[in-house]
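Worksheet for the structure shown next.
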Amino acid sequence: MGDYLIYTDPTKCVACHSCEVACKAKNHVPAGATLGKIVVMGPGMINGSPAMSSLFVPCFHCEDAWCMNACPVDAIRKSDENGLVYIIRDLCVGCKACILACPWHIPQWDPDAGKAMKCDMCMDRIEEGEEPACVAACPTNALQFGEPTRLSHQSREDYAFKLLKRNPRK
């Protein structure tokens, strides 16, 4: 995994698709393709009540990326600085090997360019100290961007505080 990840808090996500729209606009993603996608699960019954849950699924920037390993022309690279996996579009020959190799089908086909494209977590924005477009556009702050250890630490603290509120010491 790269140095960064995008985490979804499913309790805050309302499946408004603002993240998808921001990504499409920023990256000029053609119709029918999505670099990051909202997945809606449900409705289903949880504790006797109907409920739905949503999760944003961007590229995971795998440590040993299948898409990168499948590319026959070395058009998919991993940044030494931040571990993000990206495509050099000028090198892509349009063979679609990366699309077939990714178990999550993250690389997408751009029919206008005849090349593959994938989420690079808005590397240009990160280099400017900004969050990826999808995270910045989320109106409920359901998406968080950062280093895995920092987000893990924050998630554990949030969980502990919820437990403490429910079961205060007497």
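The values are calculated or read from the model by the stated rules, or taken from the named source; none is laboratory data. Note that this is a predicted model, so its numbers are computed, not measured. Don't worry about glycine lacking a Cβ; one is built from the backbone with ideal geometry, like all the others, and counts go over all protein chains shown.
Is there a residue in segment 25-33 that is touching a residue at least 24 places away in the same chain (Cβ under 8 Å), within 19 Å of residue 148 (Cα to Cα) and in contact with a strand residue (DSSP E or B) (Cβ under 7 Å, 6 or more places away or on another chain)? Taking every residue of segment 25-33 in turn, none turns out to be touching a residue at least 24 places away in the same chain (Cβ under 8 Å), within 19 Å of residue 148 (Cα to Cα) and in contact with a strand residue (DSSP E or B) (Cβ under 7 Å, 6 or more places away or on another chain). Only a single item in (1) modelled with pLDDT of 95 or more; (2) in contact with a helix residue (DSSP H, G or I) (Cβ under 8 Å, 6 or more places away or on another chain); (3) assigned to a loop (DSSP other than H, G, I, E, B) is not met by residue 30, and it is number (2). Starting from residues that are buried (at least 19 other Cβ atoms within 10 Å of the Cβ), touching a Gly at 6+ places or on another chain (Cβ under 9 Å) and among the hydrophobic types (A, V, I, L, M, F, W, C), keep the ones in segment 112-132 and report whichever is farthest from residue 23 (Cα to Cα). Top of the filtered list is 116.
From (1) within 20 Å of residue 146 (Cβ to Cβ); (2) in contact with a strand residue (DSSP E or B) (Cβ under 8 Å, 6 or more places away or on another chain); (3) surrounded by fewer than 17 Cβ atoms within 10 Å (Cβ to Cβ); (4) not hydroxyl-bearing (Ser, Thr, Tyr), pick out the condition that doesn't hold for residue 44. Going through the list (1) within 20 Å of residue 146 (Cβ to Cβ); (2) in contact with a strand residue (DSSP E or B) (Cβ under 8 Å, 6 or more places away or on another chain); (3) surrounded by fewer than 17 Cβ atoms within 10 Å (Cβ to Cβ); (4) not hydroxyl-bearing (Ser, Thr, Tyr), residue 44 breaks only (1).
Here is a yes/no grid of residues against (1) among the charged types (D, E, K, R); (2) without any contact (Cβ under 8 Å) to a residue 60 or more places away in the chain; (3) farther than 28 Å from residue 142 by Cα:
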{"site": "58", "(1), (2), (3)": "no, no, no"}
{"site": "65", "(1), (2), (3)": "no, yes, no"}
{"site": "71", "(1), (2), (3)": "no, yes, yes"}
{"site": "79", "(1), (2), (3)": "no, no, no"}
{"site": "87", "(1), (2), (3)": "no, yes, no"}
{"site": "94", "(1), (2), (3)": "no, yes, yes"}
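Among the residues making up segment 62-111, those that are surrounded by fewer than 19 Cβ atoms within 10 Å (Cβ to Cβ), in a loop (DSSP other than H, G, I, E, B) and small (Gly, Ala, Ser) are 79, 83, 94. Among all positions in segment 83-94, there is no residue which is more than 30 Å from residue 16 (Cβ to Cβ), among the hydroxyl-bearing types (Ser, Thr, Tyr) and in contact with a strand residue (DSSP E or B) (Cβ under 8 Å, 6 or more places away or on another chain). Evaluated against (1) surrounded by fewer than 17 Cβ atoms within 10 Å (Cβ to Cβ); (2) out of contact with any helix residue (DSSP H, G or I) (no Cβ under 7 Å at 6 or more places or on another chain); (3) not in a strand (DSSP E or B), residue 55 falls short on exactly one condition, (3).
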